[in-house]
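First comes the structure, then the notes that go with it.
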Amino acid sequence: MPKLFFIDTGLASSLLEIQSGNQLSTHYLRGELFENLILSELLKNRLNKGLRPDLYFWIDNKGAEIDCVIENGDNLFPVEIKSGTTFSHEYFKNINYWNKLSGNSAEKSWVVFGGDISRNTKDGILLSWKDLSGIV
């Protein structure tokens, strides 16, 4: 099943009648808008570097999903996107599952989140949304 995204999160917010940051912080679609923002920035980042966009969504028949899988040559890198500002090990649940299936390693896995501090974890790289250039 295809997954659709707005490249312009400002337009998406306008269509949802979101008029302020305060309204967005409690909006029921905050996570989806954050995911759109991150995916559009990843897309722009790759295109500005002269790379093919090669960004994919993955879901299995049990409903486990990865928000973005980046193809880089023969390698696939999973990226989960979470709007939360505090870290939870649950953020890596689907990445751990995908890594087990694919044979990928934790150091080639990212969770982009709404917090300010990036760090390495045993399950992968926790990346602040402000540090997106740190992805492949």
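No value in this document is a laboratory result; all are computed from the given coordinates. On a predicted model such as this, the values are computed, not experimentally measured, just so you know. As a convention, Cβ positions derive from the backbone with ideal geometry for all residues, glycine included, and neighbour counts pool all protein chains shown.
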Here the net charge surrounding D116, from other residues whose Cβ is less than 10 Å away from its Cβ (Lys, Arg +1; Asp, Glu -1), is 0
Given the Cα atoms of the range 77-136, and with Rh set as the inverse mean 1/r over their pairs in the Kirkwood sense, what is Rg to Rh to two decimals?
-> 0.93
Summed over the other residues with a beta carbon less than 12 angstrom from that of G31, with K and R at +1 and D and E at -1, the charge totals -2
What's the local net charge at E80, with K and R +1, D and E -1, over the other residues with C-beta under 12 Å away?
-> -3
Pull up the DSSP beta bridges for the range 9-134 and report the antiparallel fraction as a percent, rounded to 5.
-> 60
Check cross-link reach from K3 to the lysines: straight Cα distance under 23 Å, and skip same-chain residues fewer than eight apart.
-> K44, K62, K82, K93
The chain - charge dipole about Cα centre, Lys and Arg +1 at Cβ, Asp and Glu -1, debye rounded to 20 = 200
Add -39500 (n - 2.57) for each DSSP H run of 4 or more in the chain, then divide by its residues: what number comes out at 222 nm, to the nearest 500 deg cm²/dmol?
-> -9000 deg cm²/dmol
Quotient of Cα radius of gyration and Kirkwood radius for the range 9-134, i.e. Rg/Rh, equals 0.97
The ³J(HN,Hα) series, computed from each phi in the range 113-120 with the Karplus coefficients 6.51, -1.76 and 1.60 at θ = phi - 60°, rounded to the nearest Hz and given as x for glycine or proline, is 10, x, x, 9, 10, 8, 6, 7
